[in-house]
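Below you'll find the structure, written out as structure tokens, and then a few comments.
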Amino acid sequence: MIKTAVVILSWNNLIFLKKFLKSVVDHSHDSDTAVIVADNGSDDGSAAWVEENFSEVRLIKINKNLGFAGGYNHALSLITSEYFVLLNSDIEVTEGWLKPLIEFMDQNRDAASCQPKIRSFEMKDYFEHAGAAGGYIDKYGFAFCRGRIFNSIEKDTGQYDDMADIFWSTGACMIVRSEAWRKCTGFDESFYAHMEEIDLCWRFHNNGYRVCCVPESIVYHIGGGSLSYKSPLKTYLNFRNSLFMLYKNLPEAKLRTTLFKRKMFDGLAVLFFLIRGETKSVKAVIEAHRDYYRSIGLLKKKRKAVARDEKWGNGKLVLNKSLVSEFYLRGHKTFGSLNF
């Protein structure tokens, strides 16, 4: 059994594989590490290109696009290793990026996952939207990071160079203990893509594990490689999956009131999109709520199967305030100004 499997899930990402796969191979050369590309039903010739150019890379072919969640669940079920590293195809890794992550996991057996510091590939002094220096959520399920709140992204001046316990590690680049992955049953495939890692990390916490950021490791992320940040489909998935996640994981005492208030915030988002003339985003939010209600039966079954922390929201990893109010009304644009 190898110790670490670096697994790149790729769907029609030939352009990024050509740009970044060599650096992943070159900088992940430990004898106990394997680089694996899981092709998620691509039709752009990327699977054949990997076979022709990287004999040292294992290729897993998936017959159709199973989404981010389903694709990784399938691929990781075929891999035997102590650690899985989930790595987006649009990430540039750096020399020595893997060592601090593995060492941290070796030394902290109670950690299910950790992530590196994620910087922007285009603006290398700034954090990148998807993960930055570690993820958190507020009491209504809005996700944010050390270094990024909504679309306000901070310059990296070393302000988050300390190791930190976080609520969620980013699916763009995260190392996961395979034992914890299997115990917590991997990603929820009904999410398809987006926020599935936050849902998984919530289950990690509820099963007694820690999730952390190890900023000694740094990678550079383009972002939106498979789905643009401005895509209506991304808007749909984020709004729908937020409701999925809250319904599954909230403690009983907070379920109704939290969901009600979250839906009110979503209504405000619709008004915001209308004012800006973003009719496709309006439609995406309405469809997200429609499909959430259509999924209630399935969500009830999943809720019964999830171990929940009835004291959720009282700890330091959840902002026990409204992030929307803090950002838009109080002007708190940086993580350090939130005052957990």
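Quick note: the coordinates plus some simple rules give every number you see, no bench work behind them. Since the model is a prediction, treat every value here as computed from it, not as a measurement. Note: ideal-geometry Cβ built from the backbone for every residue, glycine included; neighbour counts use all protein chains shown.
Note that region 302-314 has calculated 3J(HN,Hα) couplings of 5, 4, 5, 8, 9, 6, 10, 9, 5, 9, 3, x, 9 Hz, one per residue in order, obtained from phi through the Karplus relation 6.51 cos²θ - 1.76 cosθ + 1.60 (θ = phi - 60°); glycine and proline are x. For the peptides 217-223, 100-106, the ranking by packing is 217-223, 100-106, with the highest mean count of neighbouring Cβ atoms within 10 Å listed first.
To the nearest 10 degrees, how steeply does helix 279-294 sit against the main Cα axis of the chain, on a 0 to 90 scale? For 279-294 against the chain, the angle is about 90 degrees.
Only Lys, Arg, Asp and Glu count, each charged at its Cβ (+1, +1, -1, -1), so figure out the dipole size of region 147-194 about its Cα centre, rounded to 20 debye.
Numbers: 5 positive and 8 negative charges, 33 e Å.
For this selection, approximately 160 debye.
Partners of Lys3 within straight-line reach, counting lysines whose Cα lies under 17 Å from its Cα and excluding those fewer than 8 residues away in the same chain: Lys99.
Straight Cα distances below 17 angstrom link Lys155 to the aspartates and glutamates Glu122, Asp125, Glu128, Glu216, with same-chain residues fewer than 8 positions distant left out. As a rough guide to protection, the peptides 11-18, 167-174 ranked by mean Cβ packing within 10 Å, highest first, stand as 167-174, 11-18.
May I ask which of Lys22/Lys61; Lys280/Lys304; Lys64/Lys117; Lys280/Lys333; Lys234/Lys302 have a Cα-Cα span longer than 29 Å here? Can you show the working numbers first?
On the way: Lys22/Lys61 20 Å; Lys280/Lys304 35 Å; Lys64/Lys117 32 Å; Lys280/Lys333 27 Å; Lys234/Lys302 23 Å.
Distance filter (> 29 Å) returns Lys280/Lys304; Lys64/Lys117.
The modelled label-to-label distance between Thr334 and Lys183, using points 7 Å beyond Cα along the C-beta direction, is 3.8 nm. With a Förster radius of 22 Å applied to the C-beta separation of Ala253 and Ile296, the computed FRET efficiency comes to 0.70.
Determine the distance separating the Cα centre of region 171-214 from the Cα centre of region 83-156; give it in Å without decimals. That distance is 14 Å. Think of each Lys and Arg Cβ as +1 and each Asp and Glu Cβ as -1; about the Cα centre, that makes the dipole of the chain roughly 1920 debye. For the Cα trace of region 9-102, dividing Rg by the Kirkwood Rh returns an Rg/Rh value of 0.93.
Of the beta bridges in region 2-221, as assigned by DSSP with both residues counted there, near 45 percent are antiparallel.
Please give the charge dipole size of region 182-317, origin at the Cα centre, charges +1 on K and R Cβ atoms and -1 on D and E Cβ atoms. Round to the nearest 20 debye.
Numbers: 26 positive and 13 negative charges, 105 e Å.
Dipole size: approximately 500 debye.
With point charges of +1 on the Cβ of Lys and Arg and -1 on the Cβ of Asp and Glu, referenced to the Cα centre of the chain, which listed residue (Ile153, Ala305, Cys114) lies farthest in the positive direction of the dipole? Projecting each Cα onto the dipole axis, the largest value belongs to Ala305. For the chain, the longest principal axis of the C-alpha atoms and the axis of helix 98-107 are separated by about 70°. With the highest mean first, a sort of the peptides 90-98, 43-51 on other beta-carbon atoms found within 10 angstrom per residue produces 90-98, 43-51. Give the angle, between 0 and 90 degrees and rounded to the nearest 10, that separates the Cα long axis of helix 67-77 from the longest principal axis of the Cα atoms of the chain. The two axes meet at around 50 degrees.
Close amide H partners of Tyr83, meaning residues 5 or more places away or on another chain with modelled amide H under 5 Å apart, are Thr4, Ala5, Ser178. Between the amide H of Ser169 and any residue lying 5 or more places away or on another chain, no distance stays under 5 Å, with hydrogens modeled in the peptide plane. 3J(HN,Hα) along region 259-269: 5, 4, 5, 4, 5, 5, 4, 5, x, 5, 5 Hz, from the Karplus curve 6.51 cos²θ - 1.76 cosθ + 1.60 with θ = phi - 60°, whole Hz, x for Gly and Pro.
Spatial offset of region 263-308 relative to region 35-52 amounts to 34 Å, using the alpha carbon center of each.
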